[in-house]
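The next block holds one structure in the form of structure tokens; read it before the comments.
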Amino acid sequence: MVDKIKADKYFANKCSVLIQRLTAHVRPITVCGNRGFTLVELIVVCAVLGVLAAMAMPAYNGYVNSTKNAACSSDIRTIEKAITAWLLENNASTPKSSLGGEGGMGITNLLDPWKREYVYHLHTDPVDDDLALKDPAFKYLNTDYDLYSLGADGASEAEPATTTADDVVRSNDGGFVGARH
């Protein structure tokens, strides 16, 4: 009888060890751990993502706008250097009335970041020139020629207005190139 009790204990021990080895790699099942997300939790996550996107969009748009303004300023400087090179090559004191095409300086018309051509206007007589760009004090921005982009809205006027605030202009006879504020 003692042998039978020892055998039963030995068998129970071996079975217990075997069960422990078999279940050692199995994740314990809990009631709270296996449920999915509730509808309220999903709505909260969507709301948080929406708020983050709403905060990020103005910053992204500002970055895109400043990048386009910088590219436009760089293009205007490049065109300005090409005009200066043309003046030196042709031993001329004033540029021609057009950049490219027939009778122009041979400078191909580049497109601004908004896919429009740059505006080039040669001053023939700055005192009587109504098309020349002026600052808020109605003084001419340039004495030789105007070179600018119409900006995002595509509208501009010779006199300063709120619609021209997004224009990228060359002013002070090339001393400044940037957004017209």
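Rule-based calculations on the coordinates, nothing more; no lab input. Keep in mind it's a predicted model, so treat the numbers as computed, not measured. Cβ placement follows ideal geometry from the backbone for every residue including glycine, while neighbour counts extend to all protein chains displayed.
Summary of packing: across the peptides 78-88, 9-19, the per-residue average of other C-beta atoms within 10 Å ranks them, highest first, as 78-88, 9-19.
Residues whose amide H falls under 5 Å from that of LEU110, counting only those 5 or more places apart or on a different chain, are TYR118, with hydrogens built in the peptide plane.
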